[in-house]
Amino acid sequence: MANSYSIGEVAQLSGISVRSLRFYEEAGLLIPARDERNGYRSYTATDIDRLQDILLLRHLGVAVRDIAPLLSTTPAERRAHLAHHLGELKAERDRLERLIETVEKTIEHLEGNTAMEDNEKFEGFKRELVEENEERHGTEARERWGDDAVDASNRKMLNMSEQDYDAWQALDAEILDALGRAVHDNANPAGDEGARICELHRRWLGYTWPAYTPAAHRGLAEMYVADERFSSYYDCAGAGGAAWLHDAIVAHAGV
């Protein structure tokens, strides 16, 4: 193995352009040594490792401006970061494999070669929703309601029929639309419209919750305002949407 690489050799080795390497240098992420004789860049094996970390983070969607604090500084930190990257990549691979399987089955079904059950048509999409929910909210949900409740909810989602899946998605859209109008009109969440939207939300939860209780519904509403990952979803209907829905649920759940 060479002791050092030129910028052209690193570009060929990594599959990225010389321009990209210069950009990472300008951003302060990858600064190679310079040959004292001619000023040419000289990349070491450590630089190659650092470039690998940069490209992995970029693949995972991390913005260039946010990469610097995440770059490993010790072998132990790099192993931990690589293990995390590996987990993310395997999850992405599994997601794509399920979607590929769904598309392949659909093509075979359309060609008349095989029958396709209704639940198979949405298997990949439902699993993707479950995994996204686990990644974004799983820790908080399991701490609040326990593993058994969350696992049961995931199973119920995965076992949805095509009809239930469509109805669940349509109901979600109806809630967002009604919530946006209520916020825009400055409606009272403790009033009739709040009661109606609370009931819509209760019905929506019924598609995935194995059992409903007003206390759990109000507890979920607290998470909508306490955690921006939750509140951002309903705030997209209108500024303050999550808080409005929270107040409606608190006022009407179980009434």
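Listed values, structure above:
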{"quantity": "Any helices (runs of 4 or more DSSP H) falling wholly within the range 204-255 and containing at least 2 residues that are within 19 Å of residue 148 (Cβ to Cβ)", "calculated": "214-226"}
{"quantity": "Output for the range 33-83, where each listed residue is of a type in the set (Gly, Ala, Ser) and modelled with pLDDT under 85", "calculated": "61, 63, 72, 76, 80, 83"}
{"quantity": "Filter result for residue 235 (among the acidic types (Asp, Glu) and under 18 Å from residue 183 (Cα atoms))", "calculated": "yes"}
{"quantity": "Condition met for residue 227 (among the charged types (D, E, K, R) and modelled with pLDDT under 80)", "calculated": "yes"}
{"quantity": "Residue that is least open to solvent (accessible area, probe 1.4 Å) [pool: residues in the range 2-61 that are among the basic types (Lys, Arg) and assigned to a helix (DSSP H, G or I)]", "calculated": "50"}
{"quantity": "Residue under evaluation residue 75, criteria (1) open to solvent by less than 40 Å² (accessible area, probe 1.4 Å); (2) under 31 Å from the mean Cα position of the chain (by Cα); (3) more than 19 Å from residue 14 (Cβ to Cβ), criterion not met", "calculated": "(1)"}
{"quantity": "Residues located in the range 205-236, provided they are touching a residue at least 40 places away in the same chain (Cβ under 8 Å), open to solvent by less than 20 Å² (accessible area, probe 1.4 Å) and under 14 Å from residue 175 (Cα atoms)", "calculated": "234"}
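Here is a yes/no grid of residues against (1) hydrophobic (A, V, I, L, M, F, W, C); (2) surrounded by fewer than 16 Cβ atoms within 10 Å (Cβ to Cβ); (3) at pLDDT below 70:
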position: 131; (1), (2), (3): no, no, yes
position: 143; (1), (2), (3): no, yes, yes
position: 162; (1), (2), (3): no, yes, no
position: 181; (1), (2), (3): no, yes, no
position: 199; (1), (2), (3): no, yes, no
position: 203; (1), (2), (3): no, yes, no
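The values are calculated or read from the model by the stated rules, or taken from the named source; none is laboratory data. In this text, all values refer to a predicted model and were calculated from it rather than measured experimentally. Counting neighbours? That spans all protein chains shown, and the Cβs are built from the backbone with ideal geometry, glycine included. Note: areas computed on protein heavy atoms with side chains; ligands, DNA, RNA excluded. Shrake-Rupley method; radii C 1.70, N 1.55, O 1.52, S 1.80 Å.
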